[in-house]
1. Residues in region B:647-664: is at least one surrounded by fewer than 11 Cβ atoms within 10 Å (Cβ to Cβ), more than 14 Å from chain A (Cβ to nearest Cβ), farther than 30 Å from residue A:24 by Cα and modelled with pLDDT of 85 or more?
2. Can you name the condition, by its number, that residue B:586 falls short on among (1) within 30 Å of residue B:565 (Cα to Cα); (2) outside any helix (DSSP H, G or I)?
3. Which one is farthest from the chain's Cα centre (by Cα) among residues in region B:220-238 that are in a helix (DSSP H, G or I) and surrounded by fewer than 24 Cβ atoms within 10 Å (Cβ to Cβ)?
4. Quick one: in region A:91-100, which of the residues that are assigned to a loop (DSSP other than H, G, I, E, B) and surrounded by 12 or more Cβ atoms within 10 Å (Cβ to Cβ) is farthest from the other protein chains (Cβ to nearest Cβ)?
5. Please enumerate the residues belonging to region A:74-90 that are in contact (Cβ under 8 Å) with a residue 24 or more places away in the chain and either within 14 Å of another protein chain (Cβ to nearest Cβ) or assigned to a loop (DSSP other than H, G, I, E, B) (or both).
6. Can you tell me which of (1) touching a strand residue (DSSP E or B) at 6+ places or on another chain (Cβ under 8 Å); (2) under 28 Å from residue B:165 (Cα atoms) is the one residue B:73 doesn't meet?
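The values are calculated or read from the model by the stated rules, or taken from the named source; none is laboratory data. Computed from a predicted model, the values in this text were never measured in an experiment. Don't worry about glycine lacking a Cβ; one is built from the backbone with ideal geometry, like all the others, and counts go over all protein chains shown.
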């Protein structure tokens, strides 16, 4: 049957994939997508724990907060990306090295 | 009156300061004022001296001592030396001579030096000299006397080298000072030894009265080397006296000192400074009478000098040089007198010599003045008619020095010869040499007298278009006073043998009574009117008379005799003319080695000593350089090293900041993983 471990395993894989996306994608928007993946993996984890234990609904409530937070944070991040684009005309992450050294 | 004694040296000092300070400050007075101040200070000193001596004579003979203490000068431990003046019969004679004859010479010098451009400086030095001479004779203790002793040496140097722009004059001044100094050195050692010896007996004094009182402690005291202390002390004092009073071996400065102006020669080298040695022996006679060895040495050297210097004077052609050697010779007679214990005879000859030698020098100065500064006697002659006053006064001095009966020189010289004769068998030898010396004296003085004043004038009329003329009154008047004194001044010492009562000897007996007793008793034992005394007088007078006659035939009219005799004994003549080559001997044995030694020391000082000092300096510099290097290299290196290390580290660490977010995420993930793994493992 589908038990807790399956959900945890799934969120772990999603988390790793999201991590990998952040680490290796050049496009800034793609990095943001990776961030979403990581956050969602985390909230999936939370919901799974809430379903399979007796701690009530706090996990699910917490995951709603996470979603809100993710949205806000994505907004800000995109605003930054837009401002970088307006300044440097590209959104390559590896070429935004103004803070270098 | 004794409280005014300090005025006697003060007046000449004031004169010297007045003339000196203004002169060296560039402020010149008129010659009348300058000379007038100098001479009047001398007269004032003479006046006070007369007053003091008169007051002294009112006292009992045994108590005739005045002491005038000014203030305690030195106080070290138990020794106290005061700035104090002592007047007793001996110093009374000296101050009268110094101030009296000094005054006459000052007046004479105003005339003599009138055309000189350094008139004021001359009188400064002359007054200064008299001040020191008075300190010498009035000094109550050895140290004050020594201050005067050195001071007269200094003034002698200044006055001999008065015309120092001519090198020979400057050299003569230096020679006088240096030779004097040798004597002074011996003198200092002498009185240091004396003081030490006295302290060994618990006596801490340098005053003459103290020495007189405690001298008996020194009888029999020996030095570690087996010599009697008193003998050594008195011998050292005597060496000092040979320097100051120009005896063998330290007489060589006096003939050269004739480079100074003639009044200087008259004052210093006839009447005063050169008598300092004899005065000193008189002052310390208590010590000398305790040392018969020294007395013999004194008498022997005195009479040998008298003879020896006379022989040199025989062939000199410069009038002043003849007089200079004559002075050396006559001083020898004074030492002869002191050496045989005839102290008052010696002092009497000192006084009469001051009269006649002062007169002879001043007369010679008058001759030189008349001859327009020509001093060679071969160019003189026949001056008898041209400068009669000078001639007559010079005649008086001449008669005195050759020992014309009843002149002052006769009385004093024959007194000395008589006392020498009657002091034992050695005394007979001394008398004989002294007699020969007297004969030589008569000869060379007659030679001088006849060559200068008789015969034809040999001066020529080339550039000296003036005829020799008489000197002004201011120069002739002192000559006349001295002439009278030379002829009649000896009568106060007329011995009993000739009908007098020898007041002079009586006056001095409190001073010389102590030690002279033995000798006096010997003399008395020979009975008052010993016929031998008359015999001796007759012998010396006839010898002198014969010498005068021989000199007359040689020199009074142009004669070939001198040349003939000179050619008969060429080697002897050469020796005498060149003063026995003594100066050259000294130059070779003393002067040159000293100069070589001092050059060596100078090189040593600049080479070794300075080299050493410089080496120390260089080592210091090297050391500080090393320090600096270490500081620069090591210390700064370390500091800089830390800095550059941090910089390098920073450079490397900079590379971590790539500015790429992805790198930061990567690091973050790896870090978290490490933490988790760590938690699992540990």
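1. Yes, some residue in region B:647-664 is surrounded by fewer than 11 Cβ atoms within 10 Å (Cβ to Cβ), more than 14 Å from chain A (Cβ to nearest Cβ), farther than 30 Å from residue A:24 by Cα and modelled with pLDDT of 85 or more.
2. Result: residue B:586 passes all but (2).
3. Kept after step one, since they are in a helix (DSSP H, G or I), are these residues of region B:220-238: B:229-238.
Imposing the further condition that a residue be surrounded by fewer than 24 Cβ atoms within 10 Å (Cβ to Cβ) reduces the set to B:229, B:231-232, B:235-236.
Numbers: B:229: 26, B:231: 23, B:232: 22, B:235: 18, B:236: 16 Å.
Within region B:220-238, the match that is farthest from the chain's Cα centre (by Cα) is B:229.
4. To start, the set of residues in region A:91-100 that are assigned to a loop (DSSP other than H, G, I, E, B) comprises A:91, A:96-100.
Right, trim to surrounded by 12 or more Cβ atoms within 10 Å (Cβ to Cβ) and you get A:91, A:96-97.
Details: A:91: 12, A:96: 7, A:97: 4 Å.
This residue is A:91.
5. If we filter region A:74-90 for residues that are in contact (Cβ under 8 Å) with a residue 24 or more places away in the chain, which is where we start, we get A:74, A:77-78, A:81, A:84.
Of everything in region A:74-90, those that are in contact (Cβ under 8 Å) with a residue 24 or more places away in the chain and either within 14 Å of another protein chain (Cβ to nearest Cβ) or assigned to a loop (DSSP other than H, G, I, E, B) (or both) turn out to be A:77, A:81, A:84.
6. For residue B:73, the exception is condition (2).
Listed here are the residues, each with its yes/no results for (1) in contact (Cβ under 8 Å) with a residue 40 or more places away in the chain; (2) exposed (fewer than 10 other Cβ atoms within 10 Å of the Cβ); (3) under 27 Å from residue B:253 (Cα atoms).
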residue	(1), (2), (3)
B:580	yes, no, yes
B:591	no, no, yes
B:598	no, no, yes
B:604	no, no, no
B:616	no, no, no
B:621	no, no, no
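Here's the yes/no breakdown for (1) modelled with pLDDT under 80; (2) assigned to a helix (DSSP H, G or I); (3) touching a helix residue (DSSP H, G or I) at 6+ places or on another chain (Cβ under 6 Å); (4) closer than 30 Å to residue B:292 by Cα:
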| position | (1), (2), (3), (4) |
| --- | --- |
| B:492 | no, yes, yes, yes |
| B:508 | no, yes, yes, yes |
| B:513 | yes, yes, no, yes |
| B:516 | yes, yes, yes, yes |
| B:535 | no, yes, no, yes |
| B:567 | yes, yes, no, no |
